[in-house]
Amino acid sequence: IESVIKLIKDRGTPILLTLAGPTAAGKTEIMDRLFKAFEQSDMKMTTIEMDNFLMDRDFREENSMGEGTHHLQIFKGCLNDLQMGKKIKIPRYDFINATSSHDPDGNLKPGCRPIEIEPADIIFIEGNFPFQMTEITDLIGIKVVYLTDDPVRLKRKWKRDIDYRK
């Protein structure tokens, strides 16, 4: 937490920050702690969930990330706009129907609403692959990888799975 705060002070804002790590590593806990640490300051924060940029399941290729799976041009444009202090509208992904609010060409579908995101000093990018996407990696100011020992991760995953079944 202290290292991230120091990096932000050194690099300035607005800044894109992403946190990656394996399932059950504790990414959500770290993000919560970062948000609490930044609430103490006068900096504004926001989050962009990469999953909202997924294309409809019917249009996605077999790859887990990239041009055939995500609205990458919209994503890149939104990241650029946020860094310039602009309010953005991003796609909204429906996990139940596996559909995006946008068609494959990036146009808003009739009857769908995008998600509006206000500009902020610190923009968290939430997702599994943010800095593995060469199309956006240069835009990200701070890249954090959070690793946890396998026994700890397995214990967390097991507990989470039990909690979901209740």
Output the residue which, of all residues in segment 15-60 that are outside any helix (DSSP H, G or I) and touching a Pro at 6+ places or on another chain (Cβ under 7 Å), is modelled with the highest pLDDT. Met55
Condition set at pLDDT below 75 and under 19 Å from Phe35 (Cβ atoms), scope segment 121-147, selection most open to solvent (accessible area, probe 1.4 Å): answer is Tyr146
Members of segment 95-111 that are touching a Lys or Arg at 6+ places or on another chain (Cβ under 7 Å), within 29 Å of Ile142 (Cβ to Cβ) and either in contact (Cβ under 8 Å) with a residue 60 or more places away in the chain or surrounded by fewer than 17 Cβ atoms within 10 Å (Cβ to Cβ) (or both): none
Just one of Lys76, Lys109, Lys87 is closer than 19 Å to Thr13 by Cα and modelled with pLDDT of 95 or more; which is it? Lys87
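Let's see how each residue does on (1) within 16 Å of Ile140 (Cβ to Cβ); (2) more than 15 Å from the chain's Cα centre (by Cα); (3) touching a residue at least 24 places away in the same chain (Cβ under 8 Å); (4) open to solvent by less than 30 Å² (accessible area, probe 1.4 Å):
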position	(1), (2), (3), (4)
Ile1	no, yes, yes, no
Val4	yes, yes, yes, yes
Leu7	yes, yes, yes, no
Asp10	yes, yes, no, no
Thr13	yes, yes, yes, no
Leu16	yes, no, yes, yes
Thr28	no, no, no, no
Phe38	no, yes, yes, yes
Looking at Pro114, is it surrounded by 15 or more Cβ atoms within 10 Å (Cβ to Cβ) and touching a Gly at 6+ places or on another chain (Cβ under 9 Å)? no
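The values are calculated or read from the model by the stated rules, or taken from the named source; none is laboratory data. Predicted, not measured: the structure shown is a model, and the values here were computed from it. Here Cβ is always computed from backbone atoms with ideal geometry, including for glycine, and neighbour counts include all displayed protein chains. Only protein heavy atoms, including side chains, enter the accessible area calculation; ligands, DNA and RNA are left aside. Shrake-Rupley method; radii C 1.70, N 1.55, O 1.52, S 1.80 Å.
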